[in-house]
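See structure below.
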Amino acid sequence: PGPLPPPSPPLRHVTQLHAALGASLASFADDAAAAAAASTPLDPLRARLRFLRSLLAFHAASEDDVLLPVLRDLQREDGGVGAAAHACDADHPSPCDHHQHAGGEAAALATVGRLLADATASARRGGRDAGDLGEAVAAAARRAADHLSAHMAAEEATVLPPLLTRLCAGSQRALLWRTLRAMPARVLRRLWPWLANARGGAAVVALLADA
């Protein structure tokens, strides 16, 4: 038999989480559009949106607090890594003040939440604009998904490569574990079944093995 392939870097799981987030937000937009077209209630989407907003907020915060400090440490050795850290800083608004960052996905999701609340309220009182508001929810969710996709693609192109190639597997596992620990228990309890549904049970098993 030939030599065993090198093990996959543990921080690759960040890309799995990104893919699951993007797919979930796109699915949310599709379901909102379908509900609006069929004049069915949008209320079931509210819990999904709350979870996605919480997960995105804590994921972004954990990257700011865990991954970026490591990139700044590496900056002393490689100026290119420092540039990546600076770019990620500019793209990561704080969850506490995301309303000040109109171009960020947090602000875009806040708009989705406002429109969703308006649509459900209109439907309860028999408003004639409920369908139009439902379509607006879907359109806003698609815009948020597009922004999130661009953000994650840029992050995977500029921020992750130095961490994947320059940190040993043990250091990557430690960072992965710290990003998970940064999430509150209420989010983690829903993270595992959500990730299994989005990426398959094997993805969860692999993540837990590496963390």
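None of the figures in this text is laboratory data; all of them are computed from the coordinates on show. Treat the numbers as computed from the prediction; the structure is a model and nothing was measured. Note that each Cβ is placed from the backbone with ideal geometry, even for glycine, and that neighbours are counted across all protein chains shown.
Structure data summary
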| quantity | calculated |
| --- | --- |
| Three semi-axes of the equivalent ellipsoid, segment 4-76, Cα gyration tensor, whole Å, largest first | 35, 16, 8 |
| Two-decimal Rg to Rh for segment 136-180 - Kirkwood Rh, Cα set | 1.21 |
| Simple label model, 7 Å out from Cα along Cβ direction - Arg189 to Ala157, nm | 4.0 |
